[in-house]
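Q: Questions regarding the structure given below will be posed in turn.
Please treat every number below as a calculation from the coordinates, not as lab data. Treat the numbers as computed from the prediction; the structure is a model and nothing was measured. So basically every Cβ, Gly included, is an ideal-geometry build from the backbone, and we count neighbours across all protein chains shown.
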Amino acid sequence: MIAERKDDHVRFAAEQQRHLGGYNQFDEVSFVHHALAGIDRSDASLVTRFGGMEWKVPLYINAMTGGSTRTGAINRDLAIAARETGVPIATGSMSAYFADEAVADTFSVLRSENPDGFVMANINANASVEKARRAVDLLRADALQIHLNVIQETVMPEGDRSFSSWGPQIEKIADGVGPDVPVIVKEVGFGLSRETISALSDMGVRVADVAGRGGTDFARIENDRRKHADYAYLNGWGQSAPACLLDSQHAAIPVLASGGVRNPLDVVRGLALGAAAVGVSGGFLRTVLDGGPSALITQITTWLDQVEALMTALGARTPADLSRCDVLVHGDLRAFCADRGID
Ligand code: FNR
């Protein structure tokens, strides 16, 4: 049952990637061009430090899959690409592992193929502290992601219908996994508001990943999985990553940007809006399904090269320096800022 769902998610997410329009809200963010801002490439560094962690690059492969034979093979390909390029990587939700240990390899392949990489385990907000520890142990994980997916669960025929325990449980997990395991709470493509991020910070969560609207749409995926698209009106729900980043400018914890990231310029836009690093799921899934690990290695290598090139042109020595660039906000994103009282 879970294995089938995991295969469905990959199938529908890949299908969605083929039909994504070119435009999303990252296009409503542009840079003021300063012709003399450029620095020397040799002075630019991709290293990013946040939440007590240091990543070699400000780009990561965000949570997707595991739990079936097919998704185990995909995780293997993603792990090879992570190993060869040095990007951090997350598994998909490990609930399939808690239900049946026989699928452990489909997740632990992230570590076996990538022994020295930065690997993140992924669980839901209902998981017990004991399960959170098992997930971390299986992967020798460097961090633990907890996903919030209330809209997905609502549209999912077999989804959860009770959500009030999530907050208290996140607090227990953040406390129970201990100080050596940073807890990152993420959405799955609907975004995190500043109120949510502030609540997460109070719960002891180390980092928030906004995972906004504009790329993979899990309302649409779950509608596709239903006999009828009963909740079609929820497709497109939520806030985009740029909107979330602008909303959370004064957040007490570091914020990561993901959801709808299409190219190196989106990575740089995310960093300029204050993200400590930028994650990609659907776009990298499509690459690995079409061309295997070698295609993803080429794509990530190119992106990292171009992110550093753009930092050089914009005068940013570090990813954090990008947040000092002059950025213009247009269109609906500008209206969102006005409505939320953001200057
Ligand atoms: C996901 N995502 C996800 N997130 C999570 O925390 N746990 C999970 O199990 C999954 N599963 C999953 C499967 C597939 C096939 C995809 C494409 C994505 C959500 C993912 O981490 C991310 O938040 C969203 O996909 C938005 O980013 P993109 O796809 O627009 O880059």
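Q: For each of Y60, Y231, Y23, count neighbouring Cβ atoms within 10 Å of the residue's Cβ, then give the residues from fewest to most.
A: Arranged by neighbour count, lowest to highest, Y60, Y231, Y23 become Y23, Y231, Y60.
Q: To continue, here is another question. Mind checking the full-extension length gain between R317 and V150? Use 0.36 nm per residue of separation minus the Cα-Cα distance, one decimal, nm.
A: Full extension of this stretch gives 56.3 nm more.
Q: Now, a different point. Of T301, T312, how do they rank once you tally other Cβ atoms within 10 Å and put the fewest first?
A: T301, T312
Q: Whole percent per 10 Å bin, from 0 to the bin with the longest distance: what is P(r) over all C-alpha pairs of segment 1-102?
A: With a bin width of 10 Å, the distribution comes to 11, 28, 31, 21, 7, 2.
Q: Also, quick follow-up: Given the C-alpha centroids of segment 177-195 and segment 53-98, what is the distance between them in whole angstrom?
A: Segment 177-195 and segment 53-98 have Cα centres separated by 17 Å.
Q: Then there's this: Write down, largest first, the equivalent ellipsoid semi-axes of segment 172-229 in whole Å, where each equals the square root of 5 times an eigenvalue of the alpha-carbon gyration tensor.
A: 29, 13, 9
Q: What is the chain's relative contact order, in percent, from Cα pairs under 8 angstrom and six or more apart in sequence?
A: 22 percent
Q: What FRET efficiency comes out for E4 versus D305 if R0 is 56 angstrom and r is the Cβ-Cβ distance? Round to the nearest 0.05.
A: After rounding, the FRET efficiency stands at 0.90.
Q: Using a simple spin-label model with points 7 Å from Cα along the Cα→Cβ vector, what separation in nm is obtained for S112 and K227?
A: 4.0 nm
Q: Check cross-link reach from K227 to the aspartates and glutamates: straight Cα distance under 19 Å, and skip same-chain residues fewer than eight apart.
A: Answer for K227, where 19 Å is the Cα cut-off: E4, D7, D8, E15, E153, E158, D160, D217, listed by chain and number.
Q: Project the alpha carbons of the chain onto their principal axes and report the range along each, largest first, in whole Å.
A: 58, 43, 40
Q: Which of the lysines could a cross-linker bridge to K131, judged by Cα under 30 Å and excluding same-chain residues fewer than eight apart?
A: K6, K56, K172, K186
Q: Taking 7 Å along the Cα-to-C-beta vector as the label spot, tell me the S42-R140 distance in nanometres, rounded to one decimal.
A: Placing both labels 7 Å along Cα→Cβ, they lie 3.7 nm apart.
Q: Contact order normalised by length for segment 51-108, with contacts defined as Cα pairs under 8 Å and 6 or more residues apart; what percent is it?
A: Result for segment 51-108 is 44 percent.
Q: Continuing with this model, one more query. Apply the Debye scattering formula to segment 1-56, with a single equal point scatterer on each alpha-carbon and no solvent, then give log10 I(q)/I(0) at q = 0.24 Å⁻¹.
A: Treating every Cα as an identical point scatterer, log10 I(q)/I(0) equals -0.94.
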